[in-house]
Amino acid sequence: MKLKALLLLAGLAPLFTQAQLLQTKEQFTRADSLRGTLTPLRTCYDINYYHLDVKFDIANKAISGSNLFRFTATQNFNKLQFDLFDNLKIEKVVYKGKSIPFTREFNAVFVTFPNTIQKGFHDEFTVLYSGNPREAKNAPWDGGVQYRTDSLGKPWVATACQGLGASVWWPTKDHQSDEVDSMLISISVPNGLKDVSNGRLRKVTPLKDGYTRYDWFVGNPINNYDVAANIADYAHISDTYNGEKGKLTLDYWVLPYNLEKAKKQFDANVKPMLKSHEHWFGPYPWYEDGYKLVETPHLGMEHQSAVAYGNHYRNGYLGRDLSGTGWGLKWDYIVIHESGHEWFGNNITTKDIADMWVHEAFTYYSESLFTETYYGKQAGQEYVNGSRLNIQNDRPIVGPYGVNHEGSGDMYAKGGVLLNQVRTIINDDAKWLAILRGLNKTFYHQTVTGDQIIAYINKEAGTDLTPVFNQYLHYKTLPVLEIATVRGQMGARWITDERGFNMPVRIRTKGGEYQYIKVSNRWGALGLSGATKDNIEVDTFNYYIGVLID
């Protein structure tokens, strides 16, 4: 068959070939497996509580302190693994008042107990450590501890470690599948500075050595990379929001000379964000711990109940609209996006970073929904459509499992576009709203797999969308809709990597109304009255696909 017309969307990768199916496999190491794999030495215990107590020696870029692990044994064992980067020194591991032996391999630490800990038993140990944690090279993307000074020359320090791992600066069971149930974070900083961490401030204690300790308590489950220390000469703004679960405290910690700018920018963005996100996703998940924005020297991170903010009090993404439509300049990207992670990423956390699309696709999509809330559905659709400018189609969105490795950065824009496409396929906005809210209710404060999220959407939508998700998440190429005259009549099929692919698509003749046409990998009649190759129009505004017309 000779292809006479080819319509491809801007940014669409070339049509797939057999050569493209032979992806170059990345090489992983023993260290990657120790970090990313759930072995019996990790699954043998369920972490219940941490007390992280750390002193920041900012002048020497050093830290020292301890972390208490309280856990429940899920099986009989006498040895377990926790994690701490190997450039940090473990002074000792203490169990029942005595030091116990440990060994280290890369960033994994293996502790041997003097007796077998029985399944169901509650126990604890403490790790004392010190050293110079890795300094962030380009926070938050290449993270660690970021040391900066503010414009008055005062120290300004922040942690950011998603992907890299919280064990870059504190000892922890560094795997997303096991979130601690609650946590006390005690950060000691030089006098004249303040620490702002997750949860609620319980106590401020002056110490005798020129330091002050700030005790923050998190009363909900929290993933490791969300635990944060933010240190500066902060000023404080407080407010409240009457949300779906009652009164929510709002606290903003900013540099003193930015106080007025912060009041103006946060007043314009935070409450509208909460109204929109609660409408689409359900109640804010952390009423007990409050909502905070903390000014940081890096752009931003979704640190639970203490969202890092570094967008310089400007709308857009550092003043730019990532969608190219103009809609993204009407609101503060970091406030809207990073706060969206309180629902997807923090409330719902993936067990493996390979499924990080669950965090980023839904949160990227929240930007479109926010736009829709305040400027109408068409505006929201234009925003998500414009976001295709950022799609690379370079590699699969889902990464390899068990090695702490994420997939393509397309999990953001392409993931958001995919979700909007799923909404189009379902074609029932009330049902779609119920699905989004239902996800956060069903998986409230849980860790999940990507497959669980897809299964839930399938169940509530009443249709199996698994082949659609698989094509967009597991392959870099897009589905191509081929329309041609076959045996004397107009027919259509999908060309895809995913076998058994089927997806209804909106097609019309010029000037007519769009109709949903069922199309699979097999040729089938188009079933569109009056359709010819010259008057067919495919909805490529709501569908991110390629189209071939013969």
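Remark on region 66-210: ratio of C-alpha radius of gyration to 2.2 N^0.38 Å is 1.17. Placing K377, K203, K119 in order of accessible area, with the largest value first and a 1.4 Å probe, yields K119, K203, K377. Here the relative contact order of region 30-180, from alpha carbon pairs under 8 Å that lie six or more residues apart, stands at 26 percent. Using θ = phi - 60° in the Karplus curve 6.51 cos²θ - 1.76 cosθ + 1.60, the 3J(HN,Hα) couplings for region 29-41 round to 10, 4, 4, 4, 5, 4, 7, x, 9, 8, 8, x, 6 Hz; x is entered for Gly and Pro. Look at the Cα gyration tensor of region 192-325: its axes a ≥ b ≥ c give a/c of at least 1.5 with a/b at or below b/c, and that counts as oblate.
Between the listed residues F501, V157, N87, the Cα displaced farthest toward the positive end of the dipole of the chain, a dipole computed from Cβ unit charges relative to the Cα centre, is found at F501.
Sort E135, E260 by accessible area with a 1.4 Å probe, largest first.
E260, E135
Using every alpha carbon pair in region 117-163, what percent of pairs falls into each 5 Å bin from 0 up to the bin containing the largest distance? P(r) for region 117-163, in whole percents per bin: 5, 16, 15, 14, 13, 9, 9, 9, 4, 2, 2, 0. Multiplying the residue separation of W523 and Y257 by 0.36 nm and removing their Cα-Cα distance gives an extension gain of 89.2 nm.
Near K271, within a Cβ-to-Cβ distance under 12 Å, what is the net charge of the other residues, with Lys and Arg +1 and Asp and Glu -1? Net of charged neighbours comes to -2. Within the assembled protein chains, the solvent-accessible surface assigned to H474 is about 80 Å², based on a 1.4 Å probe.
With both labels modelled 7 Å from their Cα along Cα-to-Cβ, the K119 to I237 distance reads 5.4 nm. Taking 10 °C and 1.306 mPa s as the conditions, I'd like the Stokes-Einstein D for region 462-509 in µm²/s, using the Kirkwood hydrodynamic radius from alpha carbon pairs. Roughly 132 µm²/s, to the nearest whole number. Measuring nothing but alpha carbons in region 378-496 and taking Rh as the Kirkwood radius, the Rg to Rh ratio lands at 1.01.
In a reduced charge model with +1 at each Lys and Arg Cβ and -1 at each Asp and Glu Cβ, the chain shows a dipole moment near 360 debye about its Cα centre.
Heavy-atom accessible area with a 1.4 Å probe sorts E372, E513, largest first, into E513, E372.
Over the Cα atoms of region 238-283, the radius of gyration divided by the Kirkwood radius equals 1.03; this is the Rg/Rh ratio.
Short-range pairs are left out: with C-alpha atoms under 8 Å and at least six residues apart, the relative contact order of region 17-115 is 24 percent.
What angle, in degrees between 0 and 90 and rounded to the nearest 10, separates the Cα long axis of helix 259-281 from the longest principal axis of the Cα atoms of the chain? Taking the Cα atoms of the chain, the angle to 259-281 is about 60 degrees.
Take the Cβ atoms of F110 and Y49, set R0 to 35 Å, and the FRET efficiency comes out at 0.95.
Mean sequence separation of contacting Cα pairs (under 8 Å, at least six apart), scaled by the length of region 232-290, corresponds to a relative contact order of 38 percent.
Using the rule -39500 (n - 2.57) for each DSSP H run of four or more residues, divided by the residues of the chain, the 222 nm mean residue ellipticity is -7000 deg cm²/dmol. Between the helical axis of 450-461 and the longest alpha-carbon principal axis of the chain there is an angle of about 50 degrees. For region 264-398, rounded, prolate or oblate, judged on the Cα gyration tensor with a ≥ b ≥ c (square roots of eigenvalues), a/c < 1.5 rounded, else prolate if a/b > b/c? Rounded, since a/c falls under 1.5. Normalised by 2.2 N^0.38 Å, with N the number of residues, the alpha-carbon radius of gyration of the chain equals 1.05.
Take every DSSP beta bridge whose two residues both sit in the chain; close to 80 percent of them are antiparallel.
Tell me the angle of helix 429-442 to the major Cα principal axis of the chain, expressed in degrees between 0 and 90 and rounded to the nearest ten. Tilt of helix 429-442: around 30 degrees. Dipole magnitude for region 358-397: about 80 debye, using +1 per Lys or Arg Cβ and -1 per Asp or Glu Cβ, origin at the Cα centre.
The values are calculated or read from the model by the stated rules, or taken from the named source; none is laboratory data. Only a predicted model underlies this, so the values are computations on that prediction, with no experimental measurement involved. We place every Cβ from the backbone using ideal geometry, glycine too, and count neighbours over all the protein chains shown. Side chains are part of the model used for accessible areas, which takes the heavy atoms of the whole protein and leaves out ligands, DNA and RNA. Shrake-Rupley method; radii C 1.70, N 1.55, O 1.52, S 1.80 Å.
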